[in-house]
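What follows is a set of notes on a single structure, which appears directly below.
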Amino acid sequence: MANTYYDAADLRKFAKITEWSEELGNKFFDYYGKVFEEGALSAREKSLIALAVAHVVKCPYCIDAYTKDGLQRGITKEEMMEAVHAGAAIESGATLVHGVQMMNKYNKLSM
Amino acid sequence: MATKSLKARQKDLAKTNKQLEILNGGIFAEGELPYFKDKLTNIGHFPLRPRKLEILQINVGYMCNQVCEHCHVDAGPDRKEIMTRETMKQCLEVIRNTEAHTLDLTGGAPEMNPNFKWFVEEAAKAGIQDFIVRSNLTIIRANKQYYDLPEFFKKHNVHVVSSMPHYTRGKTDKQRGDGVFDKSIKALQELNAVGYGLPGQNLRLDLVYNPSGAYLPGDQVALEKDFKKALDEDFGIQFHNLFAITNLPISRFLDYLIASENYEDYMYALVEAYNSEAVENVMCTNTISVSWDGWLYDCDFNQMLGLKVASKIKHIKDYNEDILNDRNIIISQHCYGCTAGAGSSCQGTVI
């Protein structure tokens, strides 16, 4: 067993989670597959959303997977980086909007 | 980016036995991944047998004006293997009598063969249904002697199939060399100008896309849509179809995979994407590949691996379609490249 928390080769074994809980595993992968099909959003758009979320949830497996997926779809590096910024902007915005709570509390406690 | 072939750099991987050693060893020999033969056995397709011959693919030489990083031919300006007029004459004899409906000239840059134009003129007289020349586009702009190629192709009703790795400059030049994108755009505009690639027109212009790195091509239809939109909007260029071709792990692409530590992941990706439906239509089942020196192979990839057909007919001078068609196709682990996803062939996906 690798002496690190993350091993890039583990991504290939993702499907194995089904072995320990077949019903839930299968339901998850069916759902996952369905989500990324062409729909009201194109598979290409969904790939970029997945890449942005992968960064926000800081999942190295997802980042590897959706960078590769983007390359396969012909998505450019500029598009990929803009998607990462979109995720980062929401994440930092989510932090900063709490600043209003801080301001409210500050004002309430101050004379 | 390298400016010489693996052969000129005397790299170990220029040797076919070294490549086959890698493809048959490592993760396959250790049982981590199944051999391609086992996959075929599971679906009752081993040994793999040809269907009716449809495509005669002739490689007229390994010389090329480009040194693309992914090239499975290890082509380049330093390659001197060029088909002679004598071998071309033997090919013409076969072209006149073949049952195949498609003649497919490839290289290297086939146009760099000094007898290329003569060969095309003679071959065109055979009246074969689909006459393809695989042109790398930049050759049309490489030297004055090639400027008339668009008109020449038109005159002989040649179907032009051209490589274009991406519709952006950065990705194209990274794979194929600086300046390739601009020259390719100019060449495509010239082909359009003489009538190639226009909707509803007979002068066919198709593009070939192969990934600029260690990943598989995405959906061919979606890529074609993106290419058409971008090339039309940015440069007013039109073309008919886009063929998405998987890079096979041989020659320079294998060298790249190993040097960039992507080999194992790439082989995993190919095996994972294995699609038994693609086996039915894999191109070695309807193609014969002829090398610059007249030897016969199941496909251009086997040619580059030095794997001649398993038939008593091994050379164009002895060509006999019936005997050739009664053969077992030679396979190795590189074949996973043609059965991944929607499959891959010189004509794009196969399902």
Exercise for the section: Might you let me know whether segment A:82-100 holds any residue that is surrounded by 15 or more Cβ atoms within 10 Å (Cβ to Cβ) and either within 14 Å of chain B (Cβ to nearest Cβ) or not in a helix (DSSP H, G or I) (or both)? Expected result: no
Completion exercise
If we keep only residues of segment B:124-178 that are small (Gly, Ala, Ser), away from chain A (no Cβ under 14 Å) and part of a helix (DSSP H, G or I), then the residue surrounded by the most Cβ atoms within 10 Å (Cβ to Cβ) is B:Ala142
Completion exercise
All conditions in (1) within 14 Å of another protein chain (Cβ to nearest Cβ); (2) free of Cβ contacts under 8 Å to residues at least 40 places away in the same chain; (3) loosely packed, with under 15 Cβ neighbours inside 10 Å are true of A:Gln72 except (3)
Handout entry: Selection status of A:Ala65, buried (at least 17 other Cβ atoms within 10 Å of the Cβ) and of a type in the set (Gly, Ala, Ser)
Key = yes
Handout entry: Residue check for B:Gly213: more than 14 Å from chain A (Cβ to nearest Cβ), small (Gly, Ala, Ser) and on the phi > 0 side of the Ramachandran plot
Key = no
Exercise for the section: Would you check if B:Phe227 is facing chain A (nearest Cβ under 10 Å) and out of contact with any His (no Cβ under 6 Å at 6 or more places or on another chain)? Expected result: yes
Practice task
With respect to B:Leu257, determine if the residue is under 21 Å from the mean Cα position of the chain (by Cα), at negative phi and crowded, with 22+ Cβ neighbours inside 10 Å.
Solution key: yes
Exercise for the section: Looking only at segment B:213-235, decide whether some residue is surrounded by fewer than 19 Cβ atoms within 10 Å (Cβ to Cβ), over 21 Å from the mean Cα position of the chain (by Cα) and outside any helix (DSSP H, G or I). Expected result: no
Exercise for the section: Considering (1) out of contact with any strand residue (DSSP E or B) (no Cβ under 7 Å at 6 or more places or on another chain); (2) farther than 24 Å from B:Leu53 by Cα, say which one B:Leu270 fails and leave the rest. Expected result: (1)
Fill in the blank from the handout: The lone condition B:Pro199 fails out of (1) more than 14 Å from chain A (Cβ to nearest Cβ); (2) in a loop (DSSP other than H, G, I, E, B); (3) within 18 Å of the chain's Cα centre (by Cα) is (3)
Handout entry: Condition met for B:Gly108 (part of a loop (DSSP other than H, G, I, E, B), surrounded by fewer than 19 Cβ atoms within 10 Å (Cβ to Cβ) and among the small types (Gly, Ala, Ser))
Key = no
Practice task
May I ask you to list pairs of residues, at least six apart or on different chains, whose Cβ atoms are under 7 Å apart, with the first in segment B:192-204 being without any contact (Cβ under 8 Å) to a residue 12 or more places away in the chain and the second being assigned to a loop (DSSP other than H, G, I, E, B)?
Solution key: B:Gln201/B:Gly195
Problem - So B:Gly343, is it closer than 28 Å to B:His240 by Cα, part of a loop (DSSP other than H, G, I, E, B) and away from chain A (no Cβ under 14 Å) - result: yes
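Can you pull out every residue in segment A:26-62 that is of a type in the set (Gly, Ala, Ser) and either surrounded by 15 or more Cβ atoms within 10 Å (Cβ to Cβ) or farther than 20 Å from A:Lys77 by Cβ (or both)?
First pass over segment A:26-62, keeping only residues of a type in the set (Gly, Ala, Ser): A:33, A:39-40, A:42-43, A:47, A:50, A:52, A:54.
Once the filter is applied, which keeps residues that are of a type in the set (Gly, Ala, Ser) and either surrounded by 15 or more Cβ atoms within 10 Å (Cβ to Cβ) or farther than 20 Å from A:Lys77 by Cβ (or both), segment A:26-62 yields A:Gly33, A:Gly39, A:Ala40, A:Ala43, A:Ser47, A:Ala50, A:Ala52, A:Ala54.
The numbers here are math on the coordinates, done by the rules we state, and not lab data. All of these numbers come straight from a predicted model, not from anything done at the bench. Positions of Cβ are backbone-derived with ideal geometry, glycine not excepted, and every protein chain shown enters the neighbour counts.
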